[in-house]
Amino acid sequence: MEAMSTRPRGSFRYLDHTADAGIVVTAPTLGVLFETAAFALTELITNVDGLKLEVERQIQLEENEIETLLVSWLQELLYLLDTEQLVFGRFQVNVTDCFLDAQVWGEPFNSEMHTSKTEIKAVTYHQLEVIESDQGWKAKVIFDI
């Protein structure tokens, strides 16, 4: 598949954080919040624009709390990068209660083709928050780098 990455409908910004990296994500729905957080994670690691979407994976996760589910989701994407060298640029996520069902598309990471920006070691629980408001959803996540 030669399609390129697709930006989610949510937005994100990076946080300045001593010895770590952080994101604040806003989105109209919980699924888009998870998609946008994953997109921001990939953008921290490499340039998302130009990624080919030739590899597809399905991910299903279940946790007791939505915050824990968000950490597990991002950790799973890091795990796939670490173990299979896969980097993803398109995400389709459905979250019902604390169950996540996602399709992700990307390609193998190749240091000759992809720019390495930030090496992320882990997703942390430090200052983690997921909040629903009248405007939609907002999350804050800090990464150990």
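Bear in mind these aren't lab numbers, they're just calculated from the coordinates by the rules spelled out. Note that the coordinates shown come from a computational prediction; the quantities given were computed from them, not determined experimentally. With ideal geometry, Cβ positions are generated from the backbone for all residues, glycine too; neighbour counts draw on all protein chains shown.
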* To do: Report, to the nearest 10°, how far helix 30-45 tilts away from the longest principal axis of the Cα atoms in the chain, using its own Cα long axis and a range of 0 to 90°.
  => 40
* Structure fact -> For the stretch 95-145, whose charge dipole is built from +1 on Lys and Arg Cβ atoms and -1 on Asp and Glu Cβ atoms, the candidate among VAL104, GLY136, ALA122 with its Cα farthest towards the positive end is ALA122
* Restricting the stretch 41-83 to GluC sites (Glu not before Pro) in coil, as DSSP defines it, with at most 12 other Cβ within 10 Å -> GLU54, GLU65
* To do: Quick one: pull the percentage of alpha-carbon pairs in the chain with a separation above 25 Å.
  => 20
* For the chain, what is the mean residue ellipticity at 222 nm derived from helices alone (per DSSP H run of n ≥ 4: -39500 (n - 2.57); sum divided by total residues; nearest 500 deg cm²/dmol)? -> -8000 deg cm²/dmol
* To do: Under 13 Å Cα to Cα from LYS52, which aspartates and glutamates show up? Leave out anything in the same chain fewer than 8 places away.
  => GLU2, GLU107
* Structure fact -> Here the relative contact order (percent) of the chain, from C-alpha pairs under 8 Å and at least 6 apart, is 30
